[in-house]
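A quick write-up on the structure given underneath.
The values are calculated or read from the model by the stated rules, or taken from the named source; none is laboratory data. In this text the structure is predicted, and so the values were computed from the model without any measurement. With ideal geometry, Cβ positions are generated from the backbone for all residues, glycine too; neighbour counts draw on all protein chains shown.
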Amino acid sequence: MPTTTAPDAQFQHLMPVTARPASIFVRGQGAWLWDEAGRRYLDWLQGWAVNSLGHSPELISRALQEQSTRLLTPSPALYNLPALRLASRLCELSGFDQVFFGSTGAEANEGAIKLARKWGRVARGGAFEIVTFADAFHGRNLATMAASGKAGWDALFPPNVPGFAKARLNDLDSVLAALSPRSVAILLEPVQGEAGVRPATPEFLRALRRLCDERGLLLMFDEVQTGCARLGELFGFQHFGVEPDVMTLGKGLGGGVPISALLAKAHCSVFEHGDQGGTYAGNPLMCAVALAVLEQIGTPEFLAGVRERGAQLSQGLRELSRRHGLGEVRGAGLLWALELGRDEAAAVVERCRELGLLLNAARPHCLRFMPRLDSSEPEIAEGMRLLDQALAQGAAH
């Protein structure tokens, strides 16, 4: 299945913002996707960790159907019950005090940046700089791109949004060097997903918490990928045992529908009327789905299942790494990466797709694995079998 490089009649009207295989996918159920030719694929992309309960779960279909007959979107200028219930439940489960709902992770992170700057004006004499990290990914809005640390992004759409000083993950000295009298917050992913599933250490996160407390700064966690049970706890900060002042969620919160959340503690929840908003902010259709998803993924039994399947996936990847002479295995819960030791991740992804397994090459030398959170033991075993076969094919060439 070659990757499409030139437009033809059926592809030419979509802007070519990424390389895509020529297959057209028409149906999904659970762990599986089918293309229009009827071929089935085990999906370990799951929308880049979006489909927390897999494709087309009955729980989401039922929530969409029921809410769609009642109220789609009244206006963000009016209260609606699903938004109120979802906000209350998120705060109850997380320990935060207030929530703003958006549609994408980038929107939630943009909101966190705005909140930090507003708090800096209110509480820090106009401080506005945010320390972020090399190799971080926070979204594709102009501010979130500036906050990100992806190589080459600074040259894409200049002039760039100012106010982001870069440090290095797990390097406290680099954070101290990036701070200035204008600093207001530190923003990071507890695990850098796009960088190849690179976790912050618990010691580093604890040091950041102490530093923020000592300097009067906000600690902000981008949990768009690590939140919503992906690491085996409902929120990533619970996995690491370090509590931030601000947290963003997205991806798995909606289980496949577009919703995100910006959560803040009361002391820094300083938005006033008109500071933040959005046409679809907190619309009842998406909030009803997210509430149903949250009630499912937040149970102790579900989280235990994520950890159990994560242990199976981790063990399988380590066995494959030893067998094929590969590199490090990193991750937690059901977010993992495998270092290949050479720049052939794209070729492995292609061979896996030909065999019926969909994967992501997070970096040229690194594979990323994001199966649905309610994966079964046979599904994980089948994915390992297909990956093993693809790696063996590569070694034979």
*Mind counting the residues in the range 223-250 that are without any contact (Cβ under 8 Å) to a residue 40 or more places away in the chain and surrounded by fewer than 24 Cβ atoms within 10 Å (Cβ to Cβ)?*
2
*Condition test on Leu172, is it under 25 Å from Lys118 (Cβ atoms) and in contact (Cβ under 8 Å) with a residue 24 or more places away in the chain?*
no
*Could you grab me the full set of residues in the range 32-46 that are surrounded by fewer than 16 Cβ atoms within 10 Å (Cβ to Cβ) and either among the basic types (Lys, Arg) or within 21 Å of Val224 (Cβ to Cβ) (or both)?*
Arg39, Arg40
*Positions within the range 187-217 being more than 20 Å from Leu115 (Cα to Cα) and touching a residue at least 60 places away in the same chain (Cβ under 8 Å), in sequence order*: Val191, Gly193, Glu194, Ala195, Gly196, Val197, Arg198, Pro199
*Starting from residues that are part of a helix (DSSP H, G or I) and over 25 Å from the mean Cα position of the chain (by Cα), keep the ones in the range 63-91 and report whichever is surrounded by the most Cβ atoms within 10 Å (Cβ to Cβ).*
Gln67
*Determine, yes or no, whether Glu382 is surrounded by fewer than 18 Cβ atoms within 10 Å (Cβ to Cβ), touching a residue at least 60 places away in the same chain (Cβ under 8 Å) and in the same structural domain as Ala31 (by TED's automatic domain parsing).*
yes
*Please enumerate the residues belonging to the range 172-222 that are surrounded by 23 or more Cβ atoms within 10 Å (Cβ to Cβ) and among the aromatic types (Phe, Trp, Tyr).*
Phe221
*Pick from Gly356, Gly325, Gly331: which is surrounded by fewer than 18 Cβ atoms within 10 Å (Cβ to Cβ), at positive phi and in contact (Cβ under 8 Å) with a residue 24 or more places away in the chain?*
Gly356
*Assuming Arg318 fulfils every condition listed in (1) free of Cβ contacts under 8 Å to residues at least 12 places away in the same chain; (2) out of contact with any strand residue (DSSP E or B) (no Cβ under 6 Å at 6 or more places or on another chain) apart from one, which condition is it?*
(2)
*Considering only the range 296-397, give the helices (runs of 4 or more DSSP H) lying wholly within it that have at least 3 residues that are under 30 Å from Ala37 (Cβ atoms) and modelled with pLDDT under 95.*
377-396
